[in-house]
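What follows is calculated from the coordinates using simple rules that are stated; it is not laboratory data. The shown structure was predicted, so the numbers you read here are calculated from the model rather than taken from an experiment. So basically every Cβ, Gly included, is an ideal-geometry build from the backbone, and we count neighbours across all protein chains shown.
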Amino acid sequence: MNELLIIATPDLMSERQGWLATLSDERRLSAKTVEAYERDSRQFLQFLTRHAGGPAGLADLRDLRTADLRSFLASRRRDGAEARTLGRNLAGLRSFLRYLERKGLVNAAAAGAIRAPKQPKSLPKPLTDRQAIAMIDGEFETHEEPWIAARDLAVFALLYGCGLRISEALGLTARDLPEGARTLRITGKGGKTRLVPLLPAVLEAVRAYQALCPFAPPANEPIFRGARGGILQPAIIQRTMQKMRGALGLPDTATPHALRHSFATHLLAGGGDLRSIQELLGHSSLSTTQVYTGVDSVRLLDVYDRAHPRA
């Protein structure tokens, strides 16, 4: 805190300490979050001090402009801070300024006028081939009731074998799976329809579930049912996945959606082309598929070198 005594006037230091105490005592934020906000606000006061030529005070915050906050974020970016860190920096400063505004000390409009930096899309890490196959091969019985264990296995098979979203898998009806079906017609986000090959092993898992299921929903209703016969909810599958993580030694990143991600990643690794994978996933743009499968420039150049006639 000695550094802060130099870069902030006593009145501002006192207000800042009061704000941090509020975060911890009243808002019950975690110790790590409070520590991060303390560091972020200290860095901001250091920035103000360099620009003002003396210890930052409440007067500097009263005169704060949007351009000042943008300059601070730009300086943090130059120091190597990523979008996620910059977003937290801005969130902490907004909290501090609003705290001071409620006390009638400053106007927090400048902070509210700045958009948070666009955050990178985060995706679940794909499972390895062995991990994914262990899940759908029934190495672990998810439930003592055979039909429920078969149900869970069928859902996981659809996620990994067909690349379905969990909502798409749980929404399948008997009409979607006629006798001898070799493809699935899936209506995904935005009402976009796509055809997905139905692997024999996946169809076999679904049929095994249907044969054991004690409920017979109408042909136009979802086939996957909960223990009492209601429509199966995604939360049930998510909890089942948590149990499987422990039983099979899978990482915390193993989620139902990670199976769909694994489907795409393993296809690409096996030589599948991005355009086909885009169609199978139901992505509206190729750039989404590129991000989803973790394709980088090195991978694209490798495909180019192997496939282009003039390469």
Task: Lysine pairs meeting the criterion (Cα under 24 Å, 8 or more apart or interchain), as found in the chain - done: 7
Open item on the list: Between Val155, Val106, Val202, where does the largest GNM mean-square fluctuation fall for the chain, given springs only between Cα atoms within less than 10 Å?
Closed with: Val106
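Tell me, what is a quarter of the convex hull surface for the C-alpha atoms of the range 146-300, in nm² with one decimal?
Mean shadow area of the hull around the Cα atoms is 9.8 nm².
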TODO: Divide the volume of the convex hull of the Cα atoms of the range 2-112 by its number of residues and quote the answer in cubic angstrom per residue.
DONE: 103
Open item on the list: So if I restrict to the alpha-carbon atoms in the range 83-207, what is the Rg, and what is Dmax, the biggest pairwise distance, in Å?
Closed with: 23.8, 73
TODO: Counting helices only, and only those DSSP H runs with n ≥ 4, report the 222 nm mean residue ellipticity of the chain as the sum of -39,500 (n - 2.57) divided by its residues, in deg cm²/dmol to the nearest 500.
DONE: -18000 deg cm²/dmol
- [ ] Would you pull out the residues with amide H under 5 Å of Ala56's amide H, same chain only if 5 or more places away, H placed 1.01 Å from N?
- [x] Ala8, Thr9, Thr49
- [ ] Averaging sequence separations of C-alpha pairs under 8 Å and six or more residues apart, then dividing by the length of the chain, give the relative contact order as a whole percent.
- [x] 15
Open item on the list: Taking the Cα centre as origin and putting +1 on Lys and Arg beta-carbons and -1 on Asp and Glu beta-carbons, what dipole magnitude results for the chain, to the nearest 20 debye?
Closed with: 880
Open item on the list: Going by Cα centres, the range 19-36 and the range 123-162 are how many Å apart?
Closed with: 41
Task: Potential extension, Asp273-Glu144 segment - 0.36 nm per residue separation minus Cα distance - done: 42.3 nm
Open item on the list: I'd like the distance separating the alpha-carbon centroids of the range 225-254 and the range 267-286, in whole Å.
Closed with: 27
Task: Unit charges at the beta carbon, dipole of the range 65-204: most positive-side option, Val202, Leu100, Thr128 - done: Leu100
Task: Dimensions (Å) - the chain, Cα atoms, principal axes, largest first - done: 78, 61, 36
